[in-house]
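**Q** Below you will find the structure I want to go over with you.
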Amino acid sequence: MLNRIAKGLMLVTGVALALPVAAAPTNAELKIGISQEFETMNPLIMTMSASAYMYRMVGRSLVNLTPEGKWVPQLAKEIPSLEKGTAKIIDEGGKKKITAVWEIVESAKWGDGKPVICEDFITSRMIATSPTVSVGEKEQWTQVEKIEIDPKNPKKCTFKYEKAKWDFYQLAQFFPVPTHLEKPIFDKYNKQKEGYEKNSNYVRAATNPGLYNGPYVISEVKLGSHVSFSPNPYFYGKKPNIQKIIVKLIPNTGTMEANLRSGTIDMISTLGLDFDQALAFDKKAKAEKLAYDVHFVPSVTYEHIDLKLDNPVLKDVRVRKALVYSINREDLVKALFEGKQQVAIHNVSPKDPWYTADPGMITLYRYSKREAGKLLDEAGWKMGADGYRAKDGKRLSLNFQTTAGNKTRELVQVYLQNQWKQAGIEVLVKNEPARVFFGDTMSKRKFEGLALFAWVSSPENSPRSTVSGKAIPTAANGWSGQNFHGWSNPQVEKNLDALDLEFDAKKRAALVHQILKAYTDEVPVVPLYYRSDISVTPKSLKNYKMSGHQFYETNNVEDWNLN
Amino acid sequence: MTTFITRRILQTLAVIVILSYVCYYLMSLMPGDPVDMMVASNPKITAEDVQRLKALYGLDQPVYKRFGNWVGSISQGDLGYSRTYRVPVQELMGPRLWNTFILSIASLTLSLLIAIPLGVISALKPGSRTDYVVNLFSFAGISIPSFWLAIVLIIIFAVKIPLLPAGGTQTIGGEPLGFWADLADRSVYLVLPVLSLSIQQIGRFSRFTRSAMLEAMRNDFIRTARAKGLSRSRVIWKHAFRNALIPLITILALSFSGLFSGAILTETVFAYQGVGKLVYDSIIQNDYNVAMISFVISVSMVLLMNLVADIAYGFADPRISYQ
Amino acid sequence: MSSNEIVMTNIELDENSLSAKDRAEIEKAQPMWKMVLTQFMDHKLAVAGAVIIAIFMFISIFANQIQSITGIDPDAQNVSNRYLSPWTTALAGPDVRETAVERFIMNNPEASDKVQKALIEKGLVAVAEADAIYELVATKEPAAVLADLKSLDIPDTKNLITSVKDFETFHFLGTDELGRDVFIRLVYGTRVSMGVGVLVAIASALIGLLIGSIAGFYGGWIDTVLMRITDALLSLPTIPVLIVMAAVDLSKFEWIRESKLITPSNESIIKMVIILCIFSWMTVARLVRGSILSIREREFVLAARTLGAGDGTIIVRHMFPNVIAPMLVSITLGVGESILFEAALSFLGLGIQPPTPSWGNMLNNAQELIYQAPFLAILPGILILLTTISFNYLGDGLQDAIDPKAIRR
């Protein structure tokens, strides 16, 4: 009887949810759904991922990282290098510096037809380093000490970098702004605190095509709702196929799918669905033969657990190792993610040229409850009758925190809690809203045991900010730095310093592998998995390529085709 | 009466100032200031960056000083700058306040128009079939989790029967078609949010109308009025309903106060560009200027409406006097 | 009640003058509570609501017993069997099976030795002796394992057999995103949600009654101060307070830790109760004040005062009965509202923290997967709806029954 009722209910909801499918989109218009908030798209000031996602459609930087992980020129004609002689290491007052010659693509123009010139880079550097403008991180601007324009060619200039770092050419966020539009504003409001931000054309006249140099320009902005894009007639590259793109904010991921199915949006961007939803939608789309592709692309987002090394229990490396041994990450990935995200063994992603899984170079941990038990016994934590381990009458108990409301993390958390319970470790969940978690608990190192969250990095990115002993947040350094676990290792420090100045790719990899060896030996962090980027596109969309790193798929939006 | 009103207005003003300080203080109590949040999301920010930003944002000063500065710039007509959206506050909030206002007024009007007659009808015939149906409907309306109802509405009316848009405020990118076409377009987007808000409010209002009306109908003067041979409708509306007004006014005033603070859940689910979601985000992201302006608006609305309610008592019930 | 008795004796004095019918009628005169009960029983839907609430109360009080009867742990996961539909049976995951064997071998070394040898002798498994039982359990269905174990005919395997029997779990209402049993989680969710709802409604009604009646009765500056506080709290934005609360670590307060009231598993529940109380007494206070204001000048109050009744007496004896009806409505509406408010907070990620189940967080967890596992969202939704409606009808029935002026149905 109950069975029948249950089946009946399932049937009713099933019927109610078997839905018609909206008409396939054409090149006339493409509506993209996004679930994260965006801000005004001033490339110097914006910090939100959703803005970065959209900005790649309207603005380009000198260089770009392809989805395959290769640096290629974009606004620049070519990437300067020591071999070709376009970059030189110089000695200035005993300090090693580097100079590089950049030349902007001949036909590169702003949306109002004015050429993109080196002056535009000088302007943006000047604005971004001004004390009255609230740019968060200045290093990417100050690393370029001086820009000298070739007197014969306004599109050619020499950058002088303050340090001779191997990755000097990776100027991914070094965006130009149109001097003819933004300079007068900056000059006028420069004295006023945050005066430039309030009065910039990006705020006051965001639809002025002259502000953009990408394949599209912005034709409408409504903060908190949507942004419309139309082709930029002066774009130097390939002419875009799609005549109109609208990025629409749908703050609730639960209704994202309904919006897709009702045709309010045609595709869901990388910043859209939750993993579980995508997994379910994928199955459904296949079963019902819906005209959508669900993409899962491994990304460089590293989900891990920081261990607070100051905690007397976690101070013991055997306990930390036991924590890793006693969790079955392969099973976790298989069971919760159906194998669509990758297990992490350390903080360098498999996409990265620096990656290694060679047991000769690093320490690997295979799931083994026995090994974990042995280590814990050694450390003095003996199994008690209640199923938990204890030492000196004190139970082996740790606090476990993550961001409340992040469903996938909460899922993983509960899964791990259960596994540690089997190994006799009590783990108490204490989650907080992201606001509190990141703004206070982590940044001021107030967490007590385990903290689950993610790092977004990019290929060949120095791990300095998370592993260097100098990056441990303290009151003295204004709580800057992200070494929340508090790990510090002299060999690692040395390697980090050497890494920046090493121009030989092989030697760089070797330095990183040494760091990874220490990282996996001393386990300041429990690596969990690498997240996958997810998006849903109509089957008719061609040349769509997701990257899995910070150069979003919109970087090749001009190739997208719906015909 | 006038002295009473002036006194209340003065009190209300004082409370607004005190409360906005309390809000400001509460915001500063929340763990993590804007710079902390920035640091947490960007590994490359250095100690110097932190110091520079704190000074730039004025976060190195004590709370009362910051509050003073804020009040100072407000009184000069400068509402400040949203650090999250990087635009001046008035530009950000203006249209959204308007959207929320439309949404709230529409749903409030609709629910009052339906709820009051429903409540009166069921109070006149307690125990009748009509009464049962109205009660069941009201209780169901009160009892449905709002975000759940909203999602179900989307599935039914936007996906299953594609009559209405699943979310948004108006059609994006359409050419302006003139006032009436725009109005029609916007109304289409309002239907589902208004419906989901109203179903709850109708339940609430009709329950209160019913119980207030029942109470009023039991009074002796109603019997007297009937005995005097007054017409039924006159007894109901002139005598009973007027007495039922007091509790109704209280509830109504409380609902009015939410007019500008918006309905976070409804706005979120329907991607409706109102102020509710904005307020939530601004608090979460520590966007002081936006959050404070919304606080002041919502606090003032509540206080103002309570004042209106108290004054209205006097008109509804002559026995209540204010010295 | 005493007045009833007096009436009775009076009637008995001149009983001859009454007809039999009248006498029967009058002899039915009952104590107050009986009258209330009779009236209440007339309100069919209120009775139904009371029954439903009683059932849920029963469930929440006896959640532990329900767990031991069904033998299902609300936290036991089975990630290879996520999102099962209702009325299915799931096999425990390999790690759970392994742990069970490990326990058996640890506790019964001799018996396990025998079993291992026998298994290999009979050729049921083909691995090293130490791994024999593990292999058997890992590769075969529980039924087959049981058959094999029985065929060995070794006496001390009872423990192993019981744990093997536990490998298969019947899921009456299916499983959730971690393969946990939905039914038992709903049972525990009932306890949490009902507990929070009832506690908050009663506490906030009491606070509201106290403040509202004092303000309404005394008027003047007391009224002004109390009502401004009420207004202030009413207009205080909820969210920052909630976020601040979320950051407060209750266990840091010495006296709270000493009293052992707060454990990590109930901390978020207690916080929830406190938060909801802070934000829900004001409506009651204003309602009560409004009612008292209108009663204050009425004749019966004036009469009582003339007769020399003190303030307390007037408030408690003459005014409270008149505000009981609106109060009851408020309490009953309050229970439902608190349950709904908790659900809404879950939607914002500020609700009761997992893994503690509540209807609110179960519903919120499920709403994103409404297409894929609609049942998961429908069940807590229905429970919330049902409970809230029941409380509303209960309040309605009580109001009619208690109110002396109410019309008999």
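Values quoted throughout were computed directly from the atomic coordinates according to the rules given, and no laboratory measurement underlies them. Keep in mind the model is a prediction, meaning the values are calculated, not measured. Reconstructed Cβ throughout: ideal geometry from the backbone, glycine too, with neighbour counts over all protein chains shown.
**Q** Need one word for segment A:63-182: rounded, prolate or oblate. Basis is the Cα gyration tensor (sqrt eigenvalues a ≥ b ≥ c); a/c below 1.5 gives rounded, then a/b vs b/c decides. Each step should come with its number before you reach the end.
**A** Numbers: a/c = 1.41, a/b = 1.16, b/c = 1.21.
The shape class here is rounded.
**Q** Additional query: Which of the helices in chain B, when you take each full DSSP H run, stretch at least 27 Å along the axis at their Cα atoms and have an average Kyte-Doolittle score of -1.0 or higher?
**A** Details: long enough: B:2-29 (40 Å, 1.35); B:89-124 (50 Å, 1.41); B:179-217 (47 Å, 0.50); B:288-316 (41 Å, 1.67).
Correct list, ordered by number: B:2-29, B:89-124, B:179-217, B:288-316.
**Q** What does the C-alpha gyration tensor say about the overall shape of the protein assembly as shown? Classify as rounded when a/c is under 1.5, otherwise prolate if a/b is larger than b/c, or oblate. Write down the numbers at each step before the final one.
**A** On the way: a/c = 1.99, a/b = 1.33, b/c = 1.50.
Oblate, because a/c is 1.5 or more while a/b does not exceed b/c.
**Q** Among A:V319, A:N561, A:V343, whose Cα sits farthest toward the positive end of the charge dipole of chain A (+1 at Cβ of Lys/Arg, -1 at Cβ of Asp/Glu, about the Cα centre)?
**A** With unit charges placed on the Cβ atoms, the residue in question is A:V319.
**Q** OK, next. Work out the FRET efficiency for A:I147 and A:N563 from their Cβ-Cβ distance, taking R0 = 41 Å, and round it to the nearest 0.05.
**A** 0.45
**Q** For Cα pairs less than 8 Å apart in space and 6+ apart in sequence, what is the mean separation divided by the residue count of chain B, i.e. the relative contact order in percent?
**A** 26 percent
**Q** Evaluate the distance, in nm, between pseudo-label points positioned 7 Å from the Cα of A:K545 and of B:K125 along their respective Cα→Cβ axes.
**A** 7.3 nm
**Q** Would you be so kind as to identify which of C:V101, C:V115, C:N159 lies farthest towards the positive end of the dipole of segment C:93-166, taking Lys and Arg as +1 and Asp and Glu as -1 on Cβ and the Cα centre as origin?
**A** It is C:N159, whose Cα lies furthest towards the positive end.
**Q** Report the calculated FRET efficiency for B:T109 and B:K228 (r = Cβ-Cβ distance, R0 = 41 Å), to the nearest 0.05. Numbers along the way, then the final one.
**A** Working: r = 35 Å, r/R0 = 0.86.
After rounding to 0.05, the efficiency reads 0.70.
**Q** Can you compute the helix-only [θ] at 222 nm over chain A? Use -39500 (n - 2.57) per DSSP H run of at least 4 residues, normalise by all residues, nearest 500 deg cm²/dmol.
**A** Values: 17 runs with 161 residues, N = 563.
Result for chain A: -8000 deg cm²/dmol, rounded to the nearest 500.
**Q** Roughly how big is the protein assembly as shown's charge dipole about its Cα centre, with Cβ charges of +1 (Lys, Arg) and -1 (Asp, Glu), in debye to the nearest 20? Let's see the in-between values first.
**A** Details: 135 positive and 124 negative charges, 436 e Å.
That gives a dipole near 2100 debye.
**Q** Summing Lys, Arg as +1 and Asp, Glu as -1, what charge do residues with Cβ under 14 Å from the Cβ of C:I120 carry, C:I120 excluded? Show your work: numbers first, answer last.
**A** On the way: positive: C:K114, C:K117, C:K122; negative: C:D113, C:E121, C:E129, C:D131, C:E135, C:D148.
Every neighbour counted, the sum reads -3.
**Q** If the chain between A:K114 and A:T132 were fully stretched, how many nm would it gain, using 0.36 nm times the residue separation less the Cα-Cα distance? Kindly include the intermediate steps, with their values, before the conclusion.
**A** Working: separation 18, 0.36 × 18 = 6.48 nm, distance 2.80 nm.
Extra length available between A:K114 and A:T132 comes to 3.7 nm.
**Q** If you don't mind, there's one more thing I want to ask. What Kirkwood radius, in Å to one decimal, follows from the Cα pairs of segment A:419-563?
**A** When all Cα pairs of segment A:419-563 are included, the Kirkwood radius is 18.6 Å.
**Q** Can you tell me the dipole magnitude for chain A around its Cα centre, using point charges on the Cβ only (Lys, Arg +1; Asp, Glu -1), in Debye to the nearest 20?
**A** Working: 76 positive and 63 negative charges, 115 e Å.
That gives a dipole near 560 debye.
**Q** Next question. Any chance you could list P(r) for segment A:114-254, counting all Cα-Cα pairs in 5 angstrom bins from zero, rounded to whole %?
**A** Taking all Cα pairs of segment A:114-254, the binned fractions are 2, 9, 15, 17, 18, 17, 13, 7, 2, 1, 0, 0 percent.
**Q** Moving on. Pop a pseudo-label 7 angstrom from the Cα along the beta-carbon direction at both C:K150 and A:K95 and give the gap in nm to one decimal.
**A** About 8.4 nm separates the two model spin labels.
**Q** Right, next: Rounded if a/c is under 1.5, else prolate if a/b is larger than b/c, else oblate: which is segment C:97-189, with a ≥ b ≥ c the root eigenvalues of its Cα gyration tensor? Write down the numbers at each step before the final one.
**A** On the way: a/c = 2.54, a/b = 2.30, b/c = 1.11.
Here segment C:97-189 falls in the prolate category.
**Q** Same structure, new question: Could you compute the FRET efficiency for C:L386 and A:N199, with r as their C-beta to C-beta distance and R0 at 56 Å, rounded to 0.05? Numbers along the way, then the final one.
**A** Details: r = 57 Å, r/R0 = 1.01.
Result of the calculation: an efficiency of 0.50.
**Q** Still on this structure, please answer the following. In nm, give the distance between the simple-model label positions of A:S488 and A:T207, each being 7 Å from the Cα along the Cα-to-Cβ direction.
**A** Result for the modelled spin labels: 5.6 nm.
**Q** While we're looking at this one, here's another question. For segment C:61-117, what number results from the quotient of the Cα radius of gyration and 2.2 N^0.38 Å? Before the final figure, lay out each step's value.
**A** Numbers: Rg = 15.5 Å, N = 57, 2.2 N^0.38 = 10.2 Å.
Scaled against compact globular proteins, the figure is 1.51.
**Q** Starting from 0.36 nm per residue, how many nanometres of slack lie between C:F170 and C:A304 once their C-alpha separation is accounted for?
**A** 41.7 nm
**Q** Among A:S540, A:S457, which comes first, second and so on when ranked by fewest other beta-carbon atoms within 10 Å? Intermediate values should be presented prior to the final figure.
**A** Values: A:S540 16, A:S457 21.
Ascending number of Cβ neighbours within 10 Å: A:S540, A:S457.
**Q** log10 I(q)/I(0), Debye, Cα-only segment A:299-531, no solvent, q = 0.13, 0.16, 0.17 Å⁻¹?
**A** -0.78, -1.20, -1.35
**Q** Continuing with the same structure: Using the Cα centre of the protein assembly as shown as origin and beta-carbon charges of +1 (Lys, Arg) and -1 (Asp, Glu), tell me which of C:I61, A:T129, C:S268 is placed farthest towards the positive end of the dipole.
**A** A:T129
**Q** Under 10 Å from the Cβ of A:F453, count the other residues' Cβ atoms, weight Lys and Arg +1, Asp and Glu -1, and hand me the total. Show your work: numbers first, answer last.
**A** Working: positive: A:R409; negative: A:E303, A:D306.
Net of charged neighbours comes to -1.
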